[in-house]
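The block underneath contains the structure these notes are about, expressed in structure tokens.
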Amino acid sequence: MVLSSANIRFVVNPRSGGGQGAALASALRHCCGVESVFILGDLPLRQIVVRHQASTSAWIACGGDGTVSALAEAMRLAGISLPIGVIPLGTGNDLARSLGWGASTWSDSTLLGLLEQLRSASARPLDCWKVRGPQLDHLCLNYCSVGGDAAVALRFHHARQRHPQVLRGALINKGMYAWLGAQQRAMLLRQHVRFANGLIVPTWAHAVVFANITSYAGGVVLAADGRRDDGLLEAVALGHGLTLGLVAARLRRPRLLQRVAEVRFSVGAALPMQIDGEPFIAEPGVYHIQHAGRISVLVAHGSP
């Protein structure tokens with residue numbers, strides 16, 4: 001599939017990449033036209049994609065995994081099934097990695113080449129999942145996790161809010177993430193969470209990740225043979241403290257428990273969760289993860 005440059009539109013998160021998003025928006029407007037570039041937050045995304053659906057052949061999310069999820073949700077709610085591409089600007093960039101786009105940010109010298117690759121990329125299906133629970137109804141593309149790893153993500157999120165000028169580079173952010181993982185206190189998951197559907201979680205597990213793609217936490221491979229379009233999630237157990245830190249640093253492999261078509265679990269007390277790298281505190285109650293169809297994504301040449 002070859003896309004016309006005049007029909008590609010971009011949604012840019014200006015805060016991603018330590019402010020690189022704002023510079024990228026300016027560069028895209030210069031080479032693709034002002035009418036092709038939209039800043040995340042200026043207008044509701046659903047309104048944007050509906051208004052331009054007739055004249056658009058693909059949407060490109062420029063930012064982190066959260067930007068991609070927001071764009072995909074807006075298109076799903078609007079009933080629009082155009083392909084979505086990614087220019088990675090975030091810290092983890094796990095979806096971009098799994099689609100073959102890597103995690104390197106753009107530069108003036110590489111932007112035109114990157115746009116040409118996006119125009120000639122293949123469109124492939126990607127499973128979508130709905131995570132529902134108390135006061136929660138959220139689309140998931142990458143992974144959903146509960147327990148200690150989400151607690152680390154939440155601590156990192158708060159640290160970045162307090163020190164935005166320090167935690168603004170991918171290398172520094174990964175180092176901080178691994179250090180926080182090594183420092184994370186024990187959180188025996190089976191004391192707080194009850195899983196259904198026959199899923200057996202080890203007593204040592206401090207977190208369980210339900211993964212839709214192979215890349216996690218900035219490049220950790222959870223299950224090398226996982227597929228993004230088979231209607232299944234890889235349920236993976238993680239330890240705590242040094243073990244979690246080693247996994248985040250890619251020095252230790254997590255344990256694949258099984259592949260599941262849906263997930264049900266009950267949380268007995270407020271507990272950290274994350275969806276596509278966005279952490280929050282989950283309220284007590286029952287949670288359900290179900291398959292919610294597929295979207296079309298642009299995959300780099302040479303990627304499976």
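Read the figures in this text as sums done on the coordinates, not as results from a lab. Computed from a prediction, not measured in an experiment: that's the story for all the values here. Neighbour counts are summed over all protein chains in view; Cβ atoms, including those assigned to glycine, are modelled from backbone coordinates with ideal geometry.
Structure data summary
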quantity: Linear extension gain, GLU283 paired with ALA123, 0.36 nm per residue minus alpha-carbon span; calculated: 53.9 nm
quantity: Column: log10 I(q)/I(0), Debye, Cα scatterers of the stretch 1-137, q = 0.12, 0.19, 0.21 Å⁻¹; calculated: -0.43, -1.16, -1.45
quantity: Peptides ranked, highest mean first, by Cβ atoms within 10 Å: ranges 109-121, 132-144, 226-238; calculated: 226-238, 132-144, 109-121
